[in-house]
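Written out below as structure tokens is the structure these notes cover.
The values are calculated or read from the model by the stated rules, or taken from the named source; none is laboratory data. All of these numbers come straight from a predicted model, not from anything done at the bench. Because the Cβ atoms are built from the backbone with ideal geometry, glycine has one as well, and the counts that use them run over all protein chains shown.
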Amino acid sequence: MTRHLLNISDLSVSELRAILDLSLQQSVRDAQPLNGQGVALIFEKPSNRTRHSMEMAVVQLGGHPVYTRGEEVGFDVRESVEDIARIMSGYHGVLAARVFKHSVVARLATSSTVPVINMLSDLSHPLQALADIITMEEHAGPISGLTVAWIGDYNNVARSLGEAVCMLGGTFSLGCPLGYDANDEEIERLASLGGAVSQSVDPLVAVKGAHVVHTDTWISMGQEQESQSRRKIFAEYCVTSALMKAAAPKAK
């Protein structure tokens, strides 16, 4: 069965740990696992950093990245998502997509005969979470011994990070304003993955004792019309020196 990476929780705990460990080993690059294969990088939602990081990752693993703009594929305009998946998986060894709606990358995975990787959707950002966890462990030690605080909007980045932290046995502490927080069902889902989860509307409470403090932009692409309201709502959810003083000593 073809495996895909749409959410961190698509992985088992052992698979997640193996990916994190392998990512630091030069032997993986030396093995060139993508040698002779194309990797389609479909950017319905553009990103400078993601394009460069993904293209160079494919090159370092021996593959050939093919950058494709959203208007070139025209999801459900020029062709159906399913037809695009079937056609492109005939050319490439991997399909990776950065999309507005998670349903699009899920539909790609349903029809693709090769692995599909979610480079970002409105629901999840698994590659960002993997990179963040690697950085945290490099600077603060194993996640199983850490409290990771998230300040701001409970968005796609927070959801994927929470999955990773909980699966690795860490503590995930949310500081989110009402209306932009995780609901009770989501808190229970994260906790069921193996970690401890808490949430407060007070960011000072959320960061208390945290070893790592994380946040994200208040206004993502597609939310420009909410700019003024979001600036007011999130004004108290800035990661400042005062906030960091409430975290654990030497918090990152």
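Report yes if some residue within region 198-208 is within 19 Å of LEU16 (Cβ to Cβ), buried (at least 21 other Cβ atoms within 10 Å of the Cβ) and modelled with pLDDT of 95 or more; otherwise report no.
First, pick out the residues of region 198-208 that are within 19 Å of LEU16 (Cβ to Cβ): none.
No, there is no match, as no residue in region 198-208 is within 19 Å of LEU16 (Cβ to Cβ), buried (at least 21 other Cβ atoms within 10 Å of the Cβ) and modelled with pLDDT of 95 or more.
Within region 18-45, the set of residues being out of contact with any helix residue (DSSP H, G or I) (no Cβ under 9 Å at 6 or more places or on another chain) and closer than 28 Å to VAL165 by Cα comprises ALA18, ASP21, GLN25, GLN26, SER27, PRO33.
Pick out the one residue from GLY162, GLY175 that is within 23 Å of VAL13 (Cβ to Cβ), crowded, with 22+ Cβ neighbours inside 10 Å and in contact with a helix residue (DSSP H, G or I) (Cβ under 7 Å, 6 or more places away or on another chain). Quick ask: steps written out before the conclusion?
Details: GLY175 fails: within 23 Å of VAL13 (Cβ to Cβ).
GLY162 is the lone residue from the list that is within 23 Å of VAL13 (Cβ to Cβ), crowded, with 22+ Cβ neighbours inside 10 Å and in contact with a helix residue (DSSP H, G or I) (Cβ under 7 Å, 6 or more places away or on another chain).
Restricting VAL104, VAL114, VAL94 to those that are touching a Ser or Thr at 6+ places or on another chain (Cβ under 8 Å), within 27 Å of VAL165 (Cβ to Cβ), of a type in the set (A, V, I, L, M, F, W, C) and not assigned by TED's automatic domain parsing to the domain that holds SER144 reduces the list to VAL104. Within region 143-158, the residues that satisfy the criterion of being surrounded by fewer than 24 Cβ atoms within 10 Å (Cβ to Cβ), assigned to a helix (DSSP H, G or I) and within 16 Å of the chain's Cα centre (by Cα) are ASN156, VAL157. The condition of being modelled with pLDDT under 95 and of a type in the set (Phe, Trp, Tyr) does not hold for TYR154.
If the condition is being closer than 19 Å to PRO177 by Cβ and outside any loop (DSSP other than H, G, I, E, B), then region 225-252 contributes GLN225, GLU226, SER227, GLN228, SER229, ARG230, ARG231, LYS232, ILE233, ALA242, LEU243.
Within region 225-233, can one find any residue that is at pLDDT below 95 and surrounded by 19 or more Cβ atoms within 10 Å (Cβ to Cβ)? Yes, region 225-233 has at least one match. Among the residues examined, GLY62 qualifies as in contact with a Leu (Cβ under 6 Å, 6 or more places away or on another chain) and farther than 19 Å from ASN118 by Cβ. Among the residues making up region 168-206, those that are part of a helix (DSSP H, G or I) and either touching a Lys or Arg at 6+ places or on another chain (Cβ under 9 Å) or not assigned by TED's automatic domain parsing to the domain that holds ASP132 (or both) are GLU186, LEU190.
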